[in-house]
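As structure tokens, the structure follows; a few thoughts come after it.
The values are calculated or read from the model by the stated rules, or taken from the named source; none is laboratory data. Model, not experiment: these values are computed from the prediction. Neighbour counts run over all protein chains shown; Cβ positions are idealised from the backbone, glycine included.
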Amino acid sequence: MAKLVVHQEKITDAKALAALCPFGAMQEKDGKITITAGCRMCRICVKKGPKGAVEYVEDKKVPAIDKTKWRGIAVYVDHVDGAVHPVTYELLGKAKELAAKIHQPVYALFIGSNIEHAAEELLHYGADKVYVCDKPELEYFKIEAYTSVFEEFINKVKPSAILVGATSVGRQLAPRTAARFNTGLTADCTILDIKENTDLVQIRPAFGGNIMAEILTPNNRPQMATVRYKVMDAPKWIDSVSGQIEKLEIAEEKLKANIEVLGITQKPKEKTIDAADVIVVAGRGVKKRQDLKLIEDLAKSLGGELASTRPLVEAGWVDPKRQIGLSGRTVRPKLIITCGVSGSVQFVAGMNHAETIIAINSDPKAAIFKTANYAITADIYDIIPELIQKIKTGGTIL
Amino acid sequence: MKILVCIKQVPGTNKVEVDEKTGVLKRNGADSKMNPYDLYALETGVRLKEKYGGTVSVITMGPPQAKAVLYEAFSMGADEGALITDRKFGGADVLATSRTLSQGIKRFGDFDIILCGLQTTDGDTAQVGPEVAEQLKIPSVCNVQRIEKVEKDNIIVDMDMPQDIERIKIYFPCLLTVQKDIYQPRLPSYLKQKETSKKDIDVFTFSDMEDQDENKYGLNGSPTHVQRIFPPVSDKVQQHWQGTTEELAVKIYETLKEKKFIA
């Protein structure tokens with residue numbers, strides 16, 4: 001068990017040491033330090049505290065696994081009745097790039113019913129081998145059955161890393177599968193890279209703050225990561241195909257589930273921010289609910305959609321479907337204008353792939369200005385009416 | 001019907017800054033609250049109890065002070081609570097957390113329905129719920145947006161999928177993660193708060209876990225390791241503009257025109 005040992009005699013200033021802990025897990029009492037269960041083993045106290053005051057002790061070395069037994073990068077194919085979700089292609093593109101670095105193949109895992117005809121398309125996006133499990137029992141997403149197929153796939157193919165789109169299905173299936181293999185899963189990665197030893201470098205916003213974390217799964221395989229739609233670049237469709245399609249068989253009793261799908265209701269098609277080319281975002285700089293109209297007017301004048309940050313959704317001012325950020329949507333529009341948005345890492349992770357980012361904020365030090373192409377220090381209440389006026393009199397929407 | 005709601009204490013604010021000089025995270029540790037998404041799970045549990053009878057238990061994992069969220073849950077209608085706490089559980093990632101939670105749940109009792117919020121506001125992964133279900137070997141449904149009814153050995157719910165809504169029957173025991181707005185969470189009751197302020201809670205530590213392998217908990221039981229943390233970097237071509245309202249409006253307008261967003 002790795003642990004932190006506190007050497008009280010080496011502590012010069014107990015209060016200052018306790019203050020180092022970002023999680024408030026060090027308690028100071030009468031000049032002595034105790035570490036509570038809030039500790040996340042970030043070891044900042046070891047690095048930044050007085051020399052030797054807090055010691056990191058690893059008393060048992062875990063035997064290293066043989067990483068050469070796990071080969072290839074696999075992508076889970078997200079789809080509805082054979083219509084493949086585009087995040088799958090983005091992940092295939094990424095997988096190909098990663099696999100090329102370690103000279104290993106790219107696999108796709110395709111689970112469903114009556115889907116075989118759609119498998120060929122995946123080869124055009126760079127899969128070297130598509131494993132198809134096509135069974136009537138798999139018509140609907142039932143987590144137990146789908147996890148069993150995933151398990152079968154992993155046991156057979158032994159991929160080194162698996163990328164899953166962070167969709168409604170992926171967000172349930174990936175954790176369930178990761179838990180079955182007692183392996184690591186990193187959610188919502190924004191950057192992926194791979195080391196020579198096949199360790200997947202997973203980077204994501206972390207600790208709920210303005211901070212990024214680089215995460216490795218150094219001694220477990222497969223390594224699993226989810227990635228949201230529109231975070232990675234979509235690859236080109238390749239005309240010539242060299243990959244193969246292979247059937248994945250599974251025993252029928254493994255497809256049993258304690259879930260029955262009783263019916264399906266199509267949702268009415270809504271205009272979503274996901275597909276919008278132009279998005280105007282309202283942030284906490286919008287002081288009153290009725291002032292949202294101003295932001296909406298700007299969006300309308302540009303033929304775009306209104307979106308917002310989390311606080312406005314939590315206040316009930318804006319429909320949750322219009323929230324951008326890690327707990328909302330990820331968007332990749334041609335133009336995004338943020339109005340009174342401070343720019344938390346969570347928000348930025350949901351929009352920093354936009355082609356052009358214009359940020360308006362009255363605080364010249366706003367974090368959003370680090371992400372913006374055009375950082376404009378101004379009061380939204382002054383500049384937006386002026387801008388709308390200019391657009392209305394000066395031009396038409398393209 | 002025995003209902004369990006998994007709740008978590010999260011920082012009251014997600015404003016975290018990095019001290020430029022030391023690289024240390026600055027966070028006010030004292031300010032914390034119940035994960036807002038868990039309020040919806042708790043409300044769902046209490047509504048189910050009100051309609052179909054039974055009990056609502058709450059469980060949380062964290063430092064000793066995390067028991068505050070259990071008392072908050074009591075004031076909203078939960079009947080009993082358990083805290084899983086031990087220094088050995090520190091530094092847990094999703095897998096180690098779900099393992100510890102499921103061990104704690106087994107110790108706490110047998111439940112028909114386990115409810116979780118969609119995600120937390122500090123980890124933002126939305127993964128612990130499905131992993132707990134796997135550890136307990138029970139079926140799970142995420143993104144539940146409506147509960148239709150409870151039958152003898154199952155519950156019928158609506159799962160929100162991107163293009164459709166699936167009506168699903170799920171047999172007990174099961175785990176559901178519920179969406180925001182499934183029900184409007186009630187405010188804590190002052191009366192209940194007074195009644196339950198001294199209520200006993202169960203506290204489970206490592207020695208209470210069925211699985212006594214220390215290497216499965218905390219940092220050691222975590223397959224993922226944070227290698228480094230760093231402030232986000234930006235490689236954008238940037239222009240900073242300041243000036244009068246009129247000047248700035250013209251500049252934005254010209255830029256939009258130049259980039260062909262307006263003609």
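Here are a few things to note about the model shown:
- Unique residue being without any contact (Cβ under 8 Å) to a residue 12 or more places away in the chain and under 17 Å from B:Ile59 (Cα atoms) when the list is B:Asp164, B:Asp112, B:Asp200: B:Asp200
- 2 or more residues more than 30 Å from A:Thr393 (Cα to Cα), touching a Leu at 6+ places or on another chain (Cβ under 9 Å) and within 10 Å of another protein chain (Cβ to nearest Cβ): qualifying strands (runs of 3 or more DSSP E) within segment B:191-263: B:225-230
- Whichever residue in segment A:172-187 is assigned to a loop (DSSP other than H, G, I, E, B) and at the interface with chain B (Cβ under 7 Å from one of its Cβ atoms) and, among such residues, is surrounded by the fewest Cβ atoms within 10 Å (Cβ to Cβ): A:Asn182
- Filter result for A:Gly208 (within 14 Å of chain B (Cβ to nearest Cβ), closer than 29 Å to B:Ala133 by Cα, buried (at least 21 other Cβ atoms within 10 Å of the Cβ) and at pLDDT below 95): yes
So that you can scan it fast, the table gives a plain yes or no per residue for (1) closer than 24 Å to A:Val345 by Cβ; (2) at pLDDT below 95; (3) in contact with a strand residue (DSSP E or B) (Cβ under 7 Å, 6 or more places away or on another chain):
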position	(1), (2), (3)
B:Gly12	yes, yes, yes
B:Asp19	yes, yes, yes
B:Asn28	yes, yes, no
B:Asp38	yes, no, yes
B:Val58	no, no, yes
B:Ala82	no, no, yes
B:Arg99	no, no, no
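- Taking first residues from segment A:363-385 that are under 14 Å from A:Val286 (Cβ atoms) and partners that are of a type in the set (Lys, Arg), the Cβ contacts under 9 Å between residues at least 6 apart in sequence or on separate chains come to A:Tyr381/A:Lys287.
Matching residues to (1) more than 7 Å from every other protein chain (Cβ to nearest Cβ); (2) under 16 Å from A:Gly303 (Cα atoms):
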residue: A:Thr330; (1), (2): yes, no
residue: A:Leu335; (1), (2): no, yes
residue: A:Val345; (1), (2): no, no
residue: A:Glu355; (1), (2): yes, no
residue: A:Ile360; (1), (2): yes, no
residue: A:Ile368; (1), (2): yes, no
residue: A:Asn373; (1), (2): no, no
residue: A:Glu386; (1), (2): no, no
residue: A:Lys392; (1), (2): yes, yes
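- Filter result for A:Thr198 (of a type outside the set (Lys, Arg) and facing chain B (nearest Cβ under 9 Å)): no
- Here is the figure for segment B:51-76: residues that are assigned to a loop (DSSP other than H, G, I, E, B) and either within 19 Å of B:Leu175 (Cβ to Cβ) or within 14 Å of chain A (Cβ to nearest Cβ) (or both) total 3.
- For segment A:250-279, a residue qualifies if it is of a type in the set (A, V, I, L, M) and away from chain B (no Cβ under 11 Å), and the qualifying residues are A:Ile250, A:Ala251, A:Leu255, A:Ile273, A:Ala275, A:Ala276, A:Ile279.
- Residue selected from segment B:111-157 under the condition assigned to a strand (DSSP E or B) and either hydroxyl-bearing (Ser, Thr, Tyr) or within 10 Å of the chain's Cα centre (by Cα) (or both), by the criterion surrounded by the most Cβ atoms within 10 Å (Cβ to Cβ): B:Cys116
- The lone criterion from (1) within 30 Å of A:Asp382 (Cα to Cα); (2) modelled with pLDDT under 95; (3) of a type in the set (S, T, N, Q) left unmet by A:Thr265 is number (1).
- For segment B:229-251, the set of residues classified as at pLDDT 85 or above and under 41 Å from the mean Cα position of the chain (by Cα) consists of B:Gln239, B:His240, B:Trp241, listed by residue number.
- In segment B:77-88, the qualifying residues are those that are surrounded by 24 or more Cβ atoms within 10 Å (Cβ to Cβ) and away from chain A (no Cβ under 14 Å), and the one that is nearest to B:Gln212 (Cα to Cα) is B:Gly81.
- Of the residues examined, A:Leu192 is not one that is closer than 26 Å to B:Met161 by Cα, surrounded by 14 or more Cβ atoms within 10 Å (Cβ to Cβ) and touching a Leu at 6+ places or on another chain (Cβ under 9 Å).
- Scanning segment A:330-348 for residues that are in a helix (DSSP H, G or I) and crowded, with 24+ Cβ neighbours inside 10 Å turns up A:Val345, A:Phe347, A:Val348.
- Subset of segment A:116-142 (residues that are under 15 Å from A:Ile250 (Cβ atoms) and of a type outside the set (D, E, K, R)): A:Tyr131, A:Val132, A:Cys133, A:Pro136, A:Leu138
- Taking segment A:220-248 as the range and being surrounded by fewer than 18 Cβ atoms within 10 Å (Cβ to Cβ) and modelled with pLDDT of 95 or more as the test, the residues that pass are A:Gln244, A:Ile245, A:Glu246, A:Lys247.
Quick grid of which residues meet (1) over 25 Å from the mean Cα position of the chain (by Cα); (2) under 20 Å from A:Asp239 (Cα atoms); (3) at pLDDT below 95; (4) surrounded by fewer than 23 Cβ atoms within 10 Å (Cβ to Cβ):
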residue	(1), (2), (3), (4)
A:Ala95	no, yes, no, no
A:Pro105	no, yes, no, yes
A:Ile111	no, no, no, no
A:Ile143	no, no, no, no
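- Matching entry among A:Ser301, A:Ser327 (being farther than 23 Å from A:Ala349 by Cβ, in contact (Cβ under 8 Å) with a residue 12 or more places away in the chain and crowded, with 18+ Cβ neighbours inside 10 Å): A:Ser301
- Set side by side, the residues A:Lys10, A:Lys29, A:Lys47 differ, and just one is outside the structural domain of A:Ser148 (by TED's automatic domain parsing) and surrounded by fewer than 12 Cβ atoms within 10 Å (Cβ to Cβ), which is A:Lys29.
- Among residues of segment A:375-384 being facing chain B (nearest Cβ under 7 Å) and in a helix (DSSP H, G or I), the one that is nearest to the chain's Cα centre (by Cα) is A:Ile383.
- Where strands (runs of 3 or more DSSP E) fall wholly inside segment A:213-295, the ranges with 1 or more residues that are of a type in the set (Ser, Thr, Tyr) and without any contact (Cβ under 8 Å) to a residue 40 or more places away in the chain are A:259-266.
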